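Data first, discussion second: the structure below is written as structure tokens.
The values are calculated or read from the model by the stated rules, or taken from the named source; none is laboratory data. The shown structure was predicted, so the numbers you read here are calculated from the model rather than taken from an experiment. As a convention, Cβ positions derive from the backbone with ideal geometry for all residues, glycine included, and neighbour counts pool all protein chains shown. Each accessible area value is taken on the protein alone, full model and side chains, heavy atoms only, with ligands, DNA and RNA left out. Shrake-Rupley method; radii C 1.70, N 1.55, O 1.52, S 1.80 Å.
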Amino acid sequence: MNKDLHSQHHRFHSHPTRRDFFVQSLGGALASVSVLELAFNRAAWARALAPTVGGTPLFDIKKVADDVYFAIARVQALINSNSVIFVNSRDVLIVDSQSKPSATAALITQIKKEVTPKPVRFVVNTHFHDDHVQGNSAYTKGGAKVDFIASVSAGELMAKEIPIRLKETLDISVPAQIETVHKFYGKATSADEREFWKEQLRQLEAFQAEMKTFSLELPTITFAKSHVIRDRAHDIHIEFHGRAHTSGDVVVFCPQKRVVATGDMINGSLPYMPDAYPTAWPKTIDSVADLRFDQILSGHGPIMNRDRMVNFRNYIEETNTRVEEGKKAGKSLTELQKSITLASLKSLQDNGYGRYVAEIRDGLFPHWGRTFVEIKEDFQDAVNGVTAQVYRNLDRV
Ligand SMILES: [Zn+2]
Ligand SMILES: [Zn+2]
């Protein structure tokens with residue numbers, strides 16, 4: 001795993017990078033104690049605290065079409081992915097699980113209460129990353145018959161990578177986060193602040209305890225190109241369009257409802273690149289774009305439209321081009337990061353795309369309710385992270 005701080009800044013998944021995201025996002029807020037920070041009021045703490053307190057729902061479930069629902073994950077110390085819920089005539093198909101079985105169990109409870117009592121029969125894992133697969137076993141608890149569907153490549157990577165990365169998370173990154181939380185707790189100056197850190201600690205320790213005895217539920221159905229489930233309610237096409245965020249990302253497309261679930265291949269944050277194929281990625285999105293859908297239900301962030309998909313795609317392509325040109329000109333990564341700035345990236349200026357992403361990212365990770373000025377500074381670091389990942393992986397095919 002790369003240990004470059006910048007590339008670690010933007011992250012969804014659990015190897016040591018999560019620790020650095022956490023340390024840097026919170027550390028940055030504390031290090032730059034400003035007038036704004038000192039004026040930090042109860043309302044801001046309440047906002048930061050509200051979505052993470054135990055007992056409140058972990059998801060906001062929205063109806064997006066008849067029989068299609070989108071469960072948007074609320075911020076947690078360890079990120080969960082969104083899930084998409086397709087209600088079939090007799091059962092349910094879910095896209096993606098979460099970072100731990102208890103989070104997925106909480107989703108199942110919410111689905112039963114807010115969506116349908118029908119049983120979950122299929123779970124699609126869009127790719128192998130922990131925040132999309134580690135909740136799988138919640139669906140088979142009690143012996144329910146459930147098929148887990150993924151691409152061949154995602155299935156192989158789940159089996160190979162998840163045990164290694166989870167060990168790293170439990171041995172290195174979560175203990176480091178806990179240490180950091182203790183440090184901030186010790187420096188806390190208000191009851192709300194202490195409450196916030198206590199809640200972070202509770203979540204991290206609960207993850208440690210739960211995952212000690214974790215075993216991964218692997219795919220039962222894998223496919224190379226596509227797998228179709230036909231139902232009276234609608235057809236569900238699970239399709240591989242090429243390499244992108246990983247070697248095995250799939251999308252879940254429903255032609256009748258004109259929706260597509262895209263995991264992290266097309267999402268509301270920045271492209272996460274450590275396992276990615278940067279030059280293939282835009283072409284893969286172009287292929288997905290040929291499908292007839294109006295709404296994109298991604299792994300992180302809100303419902304996206306096609307314009308935002310194009311913004312996301314263009315940002316990857318622009319970064320690829322600029323890194324490629326920079327490499328040809330013999331520039332170092334540091335030099336490139338200095339020139340590939342928010343202001344210079346046309347794709348980020350287009351239709352306020354940079355601001356759109358910065359605001360979404362602000363809601364994905366626990367933090368101190370920073371101002372937009374600070375988010376922008378943080379966002380340049382995140383962009384530097386993408387530049388670093390493209391710099392390393394550009395030649396991957
Ligand atoms: Zn993810
Ligand atoms: Zn991912």
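Worth a mention:
- Gained length - Arg202 relative to Ala159, 0.36 nm times residue gap less alpha-carbon distance: 12.6 nm
- List Lys113, Lys160, Lys62, ordered by accessible area with a 1.4 Å probe, largest first: Lys113, Lys160, Lys62
- The loop-placed trypsin sites (Lys or Arg not before Pro) in segment 254-350, going by DSSP, that have at most 12 neighbouring Cβ atoms within 10 Å of their Cβ come out as Arg292.
- Computed with a 1.4 Å probe over protein heavy atoms only, the accessible area of Ile221 comes to about 40 Å².
- For a straight C-alpha distance cut-off of 19 angstrom, the lysines reachable from Lys328 (same-chain residues fewer than eight places away being disregarded) are Lys338.
- Euclidean distance between Cα centres, segment 95-113 to segment 245-294, Å: 23 Å
- Pair Glu335, Leu291: separation of 7 Å Cα→Cβ label points (nm): 4.2 nm
- At the residue level, Val228 shows approximately 60 square angstrom of accessible surface with a 1.4 angstrom probe and all protein chains present.
- Here the alpha carbons of segment 239-386 define both size measures, Rg and Dmax, at 15.5, 50 Å.
- Each label was represented as a point 7 Å from its Cα along the Cα-to-Cβ direction; for Glu325 and Lys167 these points are 4.5 nm apart.
- The alpha-carbon of Lys198 sits under 17 angstrom from the alpha-carbons of these lysines, leaving out residues fewer than 8 places away in its chain: Lys183, Lys187.
- Projecting label points 7 angstrom from Cα along Cα→Cβ for Ala343 and Arg232 puts them 6.2 nm apart.
- Per-residue SASA entry for Ser81, accessible area with 1.4 Å probe, Å² rounded to 10: 0 Å²
- Nearby aspartates and glutamates by direct alpha-carbon distance to Lys145 (threshold 19 angstrom, same-chain neighbours under 8 apart not counted): Asp91, Asp96, Glu217, Asp231
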